[in-house]
Amino acid sequence: MERNDIPKPPIVVVGAGPVGLAAAAHLIQRGLPVEVFEAGEQVAAHLAGYRHVRLFSPWRYNVDHAARALLASAGHDVPDDDTLPTAGELLDRYLGPLARTPALAAHVHVGARVVAISRAGFDKVKTAGRERADFLLQVQQADGVRAHRARAVIDASGTWSQPNPLGVQGLLAEGEAEACDRIVHGMPDVLGTDRARYAGRKVLVVGAGHSAAGNLLALVTLAATVPQTRIIWAVRGTDLRRLYGGGENDGLSARGELGTRLRALVERGELEVHPGFGIRQIVRTPEGLRINPADPQCVPIDDVDEIIASTGSRPDLSIARELRLRLDPWLESTDALAPLIDPNLHSCGTVRPHGHRELAHPEPGFYAIGAKSYGRAPNFLMATGYEQARSVVAALAGDLRAADEVQLELPQTGICSTDLDAVAESSACCGGPPKNMAVACCAVDEARKEEGAAGCGCGPESAQAPMIGQRSAPGAGVNACCG
């Protein structure tokens, strides 16, 4: 006979970053018990690693409404304006105080790494009665590995601690492991604590995202005071407009300015740029590192002192190996979410509103939210994660009406993918400044439609069926680009 006097276990949130703490706040708001396990020695440990970096989204996009209400009830105010916080300010003025509120303080555990998740009494193969079993989490803490039960699990552990390697195939380049003392992933504090490491050195930045742009701009600032500093930029693609972005058309002005400033530096020749440069091998020489390209037509990059790898990150799927997940085969997001975020199809910055249904797996009660929900797809915004958290928690509370009322308004990037791919096919490879780039795709799209022509992505060619190994964009054949 089933006993009804045994209290149900809590809902466990993995990760105490912005989205994990938002999920915890929503659970508290709904009266559901919660425990949060954070692998780092403080909340938002990933943010703490780049606390010097100023975010390109303002405060109003970076604070979850349930978390704001919880802070207000504890007498703590958080900005709600268009100023841009640094990662450190977000941690010190928002996330730290949130974790210390009376409602959460006893339920947030730092230095607690979740190493595995399963179902109590069930391996991955066993089915009958599985959905009624508690989740079982193995958590590494200072006193060893302990088992914790949960009625549901929300994985908001992110991807920052799992950086992509430098190798063009998604694997370590030959010699990369041996050169690890010369390689830093992410965003080092070039102008602060790490200044001595890069001042007067020849530094290679690898990657074509916003982190790469931030690193390059910091190095240029350093070179203005230490002229011996040399800056090299290597990217696998041959068209840099995805990074330069939409400029004035970008809904986040700081993000648009980031690309505009970088483009100006390239056009002035202040950066040595190697587009179309995939890394095959890193070799130590008496003069420094030699970076050998995957394309034999490209020229090696010699005498490199330091490498900053801004190559993105990927999810750690190992902790959920014993759960029944349905993942997209190349993005490693849920399969229902993948067509909405696939960077092969989308670069406009528009993600259709999505919530618990797109994030669900065949394992009832398990959800990955936040950056981890995107798998290997880039350009995740915190506002997306906050709405995911709200929807998932509403579903776990049994309020499906609220869970399904998903609303997500994201600022446009001002640049689309359709014309970029055509230019990329004809662009030059292997060094030298890129061609002077035209206006953003979305502006071109609108101009074409005003003249009575089809907008980019909505002509007859876009109605073709995808080839094997491709997926169709939502709305393909109608208007796959900017609206």
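Taking into account only those residues within the stretch 46-59 that are outside any loop (DSSP other than H, G, I, E, B) and touching a residue at least 60 places away in the same chain (Cβ under 8 Å), which is most open to solvent (accessible area, probe 1.4 Å)? Before the answer, list the steps.
First, pick out the residues of the stretch 46-59 that are outside any loop (DSSP other than H, G, I, E, B): 46-48, 54, 59.
Next, from what is left, pick out any that are touching a residue at least 60 places away in the same chain (Cβ under 8 Å): 46, 54.
Details: H46: 65, R54: 133 Å².
Per the criteria, the residue is R54.
What number of residues in the stretch 257-279 are open to solvent by less than 30 Å² (accessible area, probe 1.4 Å) and not hydrophobic (A, V, I, L, M, F, W, C)?
Residues meeting the conditions: 5.
Just for strands (runs of 3 or more DSSP E) wholly inside the stretch 147-213: which have at least 3 residues that are open to solvent by less than 40 Å² (accessible area, probe 1.4 Å) and in contact (Cβ under 8 Å) with a residue 40 or more places away in the chain?
Working: elements: 152-155, 183-185, 202-206.
The qualifying strands (runs of 3 or more DSSP E) are 152-155, 202-206.
Looking at the stretch 60-128, what helices (runs of 4 or more DSSP H) fall wholly within it and have at least 1 residues that are modelled with pLDDT of 95 or more, open to solvent by less than 50 Å² (accessible area, probe 1.4 Å) and under 20 Å from I154 (Cβ atoms)? Step through it out loud before you land on a result.
Numbers: elements: 65-73, 87-90, 96-99.
Answer list for the stretch 60-128: 65-73, 96-99.
Condition check: farther than 22 Å from H356 by Cβ, exposed (fewer than 15 other Cβ atoms within 10 Å of the Cβ) and hydrophobic (A, V, I, L, M, F, W, C). Does V299 satisfy that?
Working: farther than 22 Å from H356 by Cβ: yes; exposed (fewer than 15 other Cβ atoms within 10 Å of the Cβ): yes; hydrophobic (A, V, I, L, M, F, W, C): yes.
Taking the combined requirement at face value, the residue satisfies it.
Identify, from the list A106, A45, A87, A23, the residue that is more than 28 Å from Q138 (Cβ to Cβ) and among the aliphatic types (A, V, I, L, M). Full working, then the answer.
On the way: A106 fails: more than 28 Å from Q138 (Cβ to Cβ); A45 fails: more than 28 Å from Q138 (Cβ to Cβ); A23 fails: more than 28 Å from Q138 (Cβ to Cβ).
A87 is the lone residue from the list that is more than 28 Å from Q138 (Cβ to Cβ) and among the aliphatic types (A, V, I, L, M).
Out of the stretch 280-296, which residues are assigned to a strand (DSSP E or B) and surrounded by fewer than 14 Cβ atoms within 10 Å (Cβ to Cβ)?
Our first condition is that a residue be assigned to a strand (DSSP E or B); within the stretch 280-296, this holds for 280-285, 288-293.
The answer is R284, T285.
Which of the residues that make up the stretch 36-59 are modelled with pLDDT of 95 or more, under 20 Å from Q388 (Cβ atoms) and not aromatic (F, W, Y)?
Matches in the stretch 36-59: V36, E38, V43, A44.
The values are calculated or read from the model by the stated rules, or taken from the named source; none is laboratory data. Only a predicted model underlies this, so the values are computations on that prediction, with no experimental measurement involved. Backbone-built Cβ (ideal geometry, glycine too); neighbour counts: all protein chains shown. Protein only, heavy atoms only, side chains kept; ligands, DNA and RNA dropped before computing areas. Shrake-Rupley method; radii C 1.70, N 1.55, O 1.52, S 1.80 Å.
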